[in-house]
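Reading through the structure tokens given below for one structure.
The values are calculated or read from the model by the stated rules, or taken from the named source; none is laboratory data. These numbers were taken from a predicted model, which means no experiment stands behind them. Cβ placement follows ideal geometry from the backbone for every residue including glycine, while neighbour counts extend to all protein chains displayed. Just so you know, the surface numbers come from the protein's heavy atoms only, side chains and all, with ligands and any DNA or RNA stripped out. Shrake-Rupley method; radii C 1.70, N 1.55, O 1.52, S 1.80 Å.
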Amino acid sequence: MRHFTSVTQLGDLRDAFAEAARIKENPFADQHLGKNKTLLLVFFNNSLRTRLSTWKAATNLGMNVIVLDVNQGAWKLETERGVIMDGDKSEHILEAIPVMGSYCDIIGVRSFARFESREDDYGEVILNRFIQYSGKPVFSMEAATRHPLQTFADMITIEEYKKKSRPKVVMTWAPHPKALPQAVPNSFAEGMRLAGYDFVIANPEGYDLAPEFTEGVTVTHDQDEALRGADFVYAKNWASYSNYGKVLSRDKGWTVTEEKMALTDNAYFMHCLPVRRNMIVSDDVIEGPRSLVIPEAANRVVSAQTVIKRILESL
Ligand code: AN0
Ligand code: CP
């Protein structure tokens, strides 16, 4: 594997799950792979889990790690070509990227949707510039349209907890005060289709995801109907795709509560975190015995380590 930007690049899923399980069982077995290799993690946006789990994964593989928060201490970057740079931006990304590439062997990039232009976001302009100009393998730590390391961790978690070979997994929209990207839900839908689970998406009208991510998936605007018989409930907020980047609803009728979970088949609750309590999910549900949010976050190390290991093997 050279670049990793989507779970569709994992290849045979059974192999990927088996490899992840081996890594989880014996996390230090591949230390030789990363010796004298440097991973650079570049963050254009905040992070707790991705930062720590990816760093830990690389350390488990024997790598050196450098972390750059672009907006804290680096030069303000221009991203458009052809601009006369007489404003507040001191450096162009077209120099910054190859310079960063010269200091490392692999680059991880976090660059959220900016909601300025759907075309730019869905064209993955920033991530693709790293792929094109860094000269190094690049993996996504959540880009504009996908969060594959999260989705792979989610899939590993479902595999660990599922009681049937083809569980019913419901991804439900839930309210949030701010506009959030579609990367997590897009990517989760991609992963669920690959895994072949019984997958249903529930969201209010105006919140249907991009058609390329929901082809063949049951999408309903009736959350209660979707939740009936669910084995896993995956909650997430996202801003509108059709009315791009807009918050059309903050309807608390969509918050995942004990009453909502009672409609399911004693389902597990999942969320990628960070989560706003009593907007997305009630205190009771997230603290309850069916909540998987902590093991799900812990599996981010396993997910990242599997991906970085595969990239190291390809160097
Ligand atoms: C981000 C999002 O929804 O994409 C990151 C989630 C992993 N969430 C927030 O910005 C709150
Ligand atoms: N789930 C996740 O990616 O969390 P962070 O934004 O804290 O990295």
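Results, tabulated for the structure shown:
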read-out	value
Whether the chain is rounded, prolate or oblate, judged on the alpha carbon gyration tensor where a/c under 1.5 counts as rounded	oblate
Cut-off under 5 Å, modelled amide H: who pairs with Phe4 long-range	Val138, Phe139, Ser140
Spin-label pair Asn45/Asn128, simplified geometry with 7 Å Cα→Cβ offset, distance in nm	1.9 nm
Highest-MSF residue in the chain out of Asn299, Asn237, Asn36 [GNM, Cα springs under 10 Å]	Asn36
Centre separation in Å (Cα based) which lies between segment 155-210 and segment 1-25	19 Å
Solvent exposure, largest accessible area first (probe 1.4 Å, DNA, RNA and ligands not counted), of Arg310, Arg300	Arg310, Arg300
Per residue value of the accessible surface for segment 102-147 (all protein chains in place, 1.4 Å probe), Å²	40 Å²
Amide proton proximity set for Val65, modelled H, under 5 Å, gap of 5+	Leu39
Accessible-area order (highest first, 1.4 angstrom probe) of the listed residues Ser102, Ser314	Ser102, Ser314
Listed peptides 81-89, 173-181, 47-55 by packing density, highest first (mean Cβ within 10 Å)	47-55, 173-181, 81-89
Sparse-neighbour loop sites [GluC sites (Glu not before Pro); segment 49-152; at most 15 other C-beta within 10 Å; DSSP]	Glu80, Glu116
Cβ-Cβ FRET estimate between Glu212 and Gln31, R0 fixed at 45 Å, reported to 0.05	0.70
Rounded if a/c under 1.5, otherwise prolate or oblate - segment 5-62, Cα gyration tensor axes	oblate
FRET efficiency, 1/(1 + (r/R0)^6) with R0 25 Å, evaluated for Ala179 and Lys252 via beta carbons	0.90
Furthest towards positive pole of dipole, Pro167, His221, Ala202, structure part the chain, Cβ charges	Pro167
Angle between the chain longest axis and helix 13-25 axis [Cα atoms, degrees, rounded to 10]	80 degrees
Surface per residue (accessible, 1.4 Å probe) for segment 150-296, Å²	39 Å²
Fraction of accessible area attributable to carbon and sulfur, the chain (%, probe 1.4 Å)	48 percent
Calculated FRET value between Arg228 and Asp283, using beta carbons and R₀ = 25 Å, to 0.05	0.55
Solvent exposure, largest accessible area first (probe 1.4 Å, DNA, RNA and ligands not counted), of His32, His221	His32, His221
Gain in span if fully extended, Ala21 to Lys76, counting 0.36 nm per residue against the direct Cα distance	15.7 nm
Candidate aspartates and glutamates for bridging to Lys260, where Cα separation is under 14 Å - those fewer than 8 sequence places away on the same chain excluded	Asp222, Asp224, Glu225, Asp231, Asp283, Asp284
Convex hull volume of segment 235-293 per residue (C-alpha atoms, cubic angstrom)	92 Å³
The chain, helix-only ellipticity at 222 nm - DSSP H runs n ≥ 4, -39,500 (n - 2.57), divided by all residues, nearest 500	-10500 deg cm²/dmol
Residue among Leu248, Leu292, Leu61 with the largest mean-square fluctuation in a Gaussian network model of the chain, springs linking Cα atoms under 10 Å	Leu248
Members of Lys136/Lys246; Lys24/Lys76; Lys76/Lys309; Lys164/Lys236; Lys24/Lys164 lying beyond 28 Å, as alpha-carbon distances in this model show	Lys136/Lys246; Lys24/Lys76; Lys76/Lys309
Length added when fully stretched, Ser90-Ser117, from 0.36 nm per residue minus Cα-Cα	7.4 nm
